[in-house]
1. Counting other Cβ atoms within 10 Å, keep those with at most 15, restrict to DSSP loop, and tell me which GluC sites (Glu not before Pro) in region B:150-228 are left.
2. Once you order the gyration tensor axes a ≥ b ≥ c over the Cα atoms, which shape class does the protein assembly as shown get: rounded for a/c under 1.5, otherwise prolate or oblate by comparing a/b with b/c?
3. Could you work out the relative contact order of chain A? I mean the mean sequence separation of Cα pairs under 8 Å and 6+ apart, divided by the number of residues, in percent.
4. Suppose accessible area is computed on protein heavy atoms with a 1.4 Å probe; arrange B:T99, B:T537 from highest to lowest.
5. If the viscosity is 1.567 mPa s and the temperature 4 °C, what Stokes-Einstein diffusion coefficient in µm²/s follows for region A:205-353 when Rh is the Kirkwood radius over Cα pairs?
6. What does the structure give for B:320-328 when I average, per residue, the other chain Cβ atoms found within 10 Å of the residue Cβ?
7. Lysines near B:K372 by alpha-carbon distance under 28 Å, same-chain residues fewer than 8 away left out - which ones?
8. Looking only at other chains, what is the average number of their beta-carbon atoms within 10 angstrom of each beta-carbon in A:81-87?
Amino acid sequence: MDAIRLPAEQRCAVELEALRQNDPDPRPLGWLLSARAVERFIVGTGGSALSATIDGEDVQVVVRRKVFGMDPLIRRAIVTLASDRALLLIGEPGTAKSWLSEHLAAAICGDSLLAMQGSAGLTEDQIRYTWNYALLLAEGPSPRALVAAPLYTGMKNGRIVRFEEITRAPHEVQDTLLQALSEKVMLVPELAGADGVVLARPGFNLIGTANTRDRGVNEMSAALKRRFHFETVPPIDDLQQEIEVVREQVAERTRGSPAEQVTLGDDVLELLVTTFHELRGGSTLDGVPLERTQAAMSTAEAVSVGHHAALYAACFADGAVQPEHVVMQLDGTAAKGDSDDRKLLRDYFEVAVKPRAARELGAWKAYFAARRHLP
Amino acid sequence: MARRGRAASVEVDDPRAGVARVWSDPRVRWLPVRHHSAGCAIHVERVLRAERPCAVLVEGPEDLEPLVPWLVHPETRPPLVALVAYTDSSGEQPTRVRTSWPVLRCDPEWVALKVGAELGAVVRLIDAPVRAIHAAAGGVDGERTASEARWFQALGAKVGVRDFDLFWESAFEANAAEMSSEQFFQALLLLAWGARYSGGGALGESTALREAHLRWRVDQALSEFPDGRIAVVTGAFHAVALPFLRGKRAKARADKNAGVLLAASSERAVAKLGVRYPAWANARYQAMQQGKRPLDAATAMLVEAGRAVRRAGGAVGTADAVGAVQLAAGLAERFGRPGAITAEHLLDAVRAAFVKGELHEDTDPSLVAARKVLVGQARGALPDEAGRPPLIEDFWAEVRAHRLELGDDVREFHCDVERQSKQRARSAFLHRCELLGIPMFGDLPGADGHFVGPDLVEGKELHRLIEKWGVVRGDDLDDVLLELTDRGETILEAAGAVLAERMAGPIDAANAGRCLLTGVVCWLRSLLPSLLAALRTALGTDGSFVNLVQALHDVVVLRRYPDLPAGELDQLVLSAFERACLVLPSSSRVDDDGAAEVVEQIIALSRFAAEDRTLDRRLLSDRLWRVARDAESQPLVRGACWGLLSSLGATTPRAVAGELANSLRGPLAEVRRGGAFLEGVLRTSRSTFLTSERLLEAVHDVLIRLPEQDFLLVLPDFRRAFAVFVPAELERIGEQVVLHLAGFRGEADQGLSVAAAEVARAADRSVQARLAGRAGPTTY
């Protein structure tokens, strides 16, 4: 299909089908896979292949790991979604909350697109339902005139509904969820009889995400909080794991683009990820303290810098990402043009990069020399 | 190919046949167990009650056998701690070795002893003596450990669980109550058989020794009871080997200082001994005994955790507890086996259902409260006749004698040490308790800690006369006292033992001085002669200047105490001073990191010399000169010596300035060392610098002659050098410099004259112009 990015259930259709064919465990009501199979979809099969028949062909399918460093959390999240509680993933921006939410929804119900984006402009009818006003005027309230929003569809069809950045939505709009989450029912007072009552079918649940940096979860009412099980998604703690994630994600983003053939060497990848890892952690790997930037130096931002550096190398250089290409992207992509963060980035080069450059470690010397590109 | 194990006649490749042989032994009922397993405890009791053996032999060190009557006493209630202690003289220094065994209600070993005694059987502990086990400990064989780990991993993968604990819960604990004892124990023997015989690697030396001894004790019992059947309760790993082994007695060397002790303990204390969540283990056992499901125990725990969170101010409702129970049950069901709920599942449930915000694993109040609930607070009990360890009796007797009240709130107690002997004794007791780490102190209101008064050991607040102590009953008081019981029969003895341990082996002068001070404040009279002797020896052998000056400080402080032999202290002061002076030149070539400490001690040494006329000042002056003239000395140290000599009047400010000028010549590295030299000078001649113009002028003259490039290079070092002054002093120096620039003479404290102010403004304009790049000739 010609699309910039496919939803997880389409991107990973082969993996999901292979898991379905190799799933001996009981499935929670309304789920496409068992809890164990959903877990394997998220944490991967550790390199071992599953035998499956896809489109009439016998194939071996290795399920890739989707997230790192949070395996116990994955189990809790899956069990929560099989219970009557909703799941709220919270954490710093760029810690793969939405990514995890999308993949959980894809594995559980094969549909990750029943999603709402929290914002100040989000209204109740974008969550529950609205009307086709032409039909409404012509026929009066009827199921035909009702335009279902994600929550309505999720309840009616027994699907997972996703609510991104839930704490950015106005308080009263958030509370629209209360009845659906506690009583598993949505009333449509405009419709008479059975049409006016939507009872949630097995398989319905909701995954919310909220980041802890710009607006806290305190914005949620206590009543709504009680309907959720909270899970804090941590940043990737292991440098090597983070390097692998960035490598894989950059490769995926550049697939089919001019940057697909670009070389992103291990040495450049290492200094890129180390920069993010150290600035996020507030100290160098050697323990020298650093001031943290305002911007979230998340893995997602590192991927973004890597992606842009690869595009730059493809368009304006010889096809290999150099340290200077990384530096060029740091200001706009990572520091977001913030003047204080720029200063911290420059300090970082003096405190952390310079000593490595002096020891001529890997590409650090070229990286240090490229600091001139920082505004 | 069939392999043979160490046993003479067991086919290790046929586990089922092997297990059948073990289980059908006509003389011995081998009962394999896992420590602290509730399921094992339930089935041990069932088998013993059904078969009524004439003797019950339990894996546990035979050193503890005298305690068995108290262990099985009807009034005894775990948690308990059994302790074995002995003195190991095999090394250079004799060391006291202590080994503890926590005893829980759900321990199959304790249940075996208790039920065996109830049934009238002979009950015995049959493991090798602790001392023999320790002597044989040659480390665990790595290959064997790895092969066992591989086997458990493969087993886990086969049944779809990740770790052994979860496998254990799924396979044994979750359904223990419903399984027959035969099924349960045969399954356990099969598991142990696989672990023991599936991989390579030899047994550790101590394991082999223990098993031979266990077997020997079994053989002894078989001879003793030729017509009866006996039950042997051991770890499952041993149970699959013991039937096929040959026995050999393990002997331990006699030790008249060896001792054993049984004391009532608490769930919190046994958690520290390695049983992670005793209350959860006991709750599950109790549920099994009452025929309830593990989920019932889990529910009770999570409800209690919710209440604990509420008591701590958290907002956790019944609905959250319901959510937590669902989650714990769901985790067990979806990723293990229904009902196989582990403590980690309960904590996972708390993480998800109770924490309504960002999770901080170590500090989250819900998790902290839940962990406390899983650990528990229950205390064990022993019959009165069993007595309390003497140290605990002594502690409470002392508390009463000194009229200390240990309550939940901090209370303040005063000790007028120098004037009232009773309060001196109270102070000594409190110092001993502090030395032993007894949790009975709380912060005093408005103070930094639990103590305000002259702190001899740290050398702080020595002007104070009265000690103030904040005293409270700490949470772990009983447990810590219990841990200390082997140190002696009284608090005095225990404190002496701890201090003597610190003094064991070679000790440097600083530590010897510190120990002597501690001995004095704790008033450990019997130890004082040996502490003094140790300090004397250390002063003669320690070549560290820093240590010697610290020891000198400690001995000087001790002169406050009239009870100590004054003549001996004087002698120690002289000795420490002379030794410090003698080693000073050799300590001056210290590296940059250690220089500041040496300078600090040089200043302290000079202060002692100034205050005590009996000390040889000429010796000190001579040694300072040696350092000052040694070009290889660390510059900070060297500068400090020059500054001191100037302050003492042994040299002139002009000479110091000349030396500074010399140190600022040469290559860049040398110039930068000049900054450190100046810092040393200023640290030791600060008052001279402030009150005498001559040194300031001399330094100023050196600085203005420096080429601008060199000056900029050493500027950071100079800034650090001048950091010894407080802002008011810097202002005063600034005034003097301005006056000097303007050609004024006289003391700056007469105030800044109008002319000087004009000069200052001119200088300021010049600096501004240079900074703006309009540098021209500087004129004032």
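1. Sites meeting the loop and neighbour criteria: B:E178.
2. Oblate shape, in that a/c is at least 1.5 and b/c is the bigger or equal ratio.
3. 14 percent
4. Ranked list, largest accessible area first: B:T537, B:T99.
5. Answer from the Stokes-Einstein relation: 77 µm²/s.
6. Taking the mean over all residues of the peptide, I get 4.
7. By straight Cα distance, B:K372 reaches A:K225, B:K272, B:K292, B:K356.
8. 4
The values are calculated or read from the model by the stated rules, or taken from the named source; none is laboratory data. Note that this is a predicted model, so its numbers are computed, not measured. Glycine also receives a Cβ, built like all others from the backbone with ideal geometry; neighbour counts cover every protein chain displayed. SASA here: full protein model, heavy atoms, side chains in, ligands and nucleic acids out. Shrake-Rupley method; radii C 1.70, N 1.55, O 1.52, S 1.80 Å.
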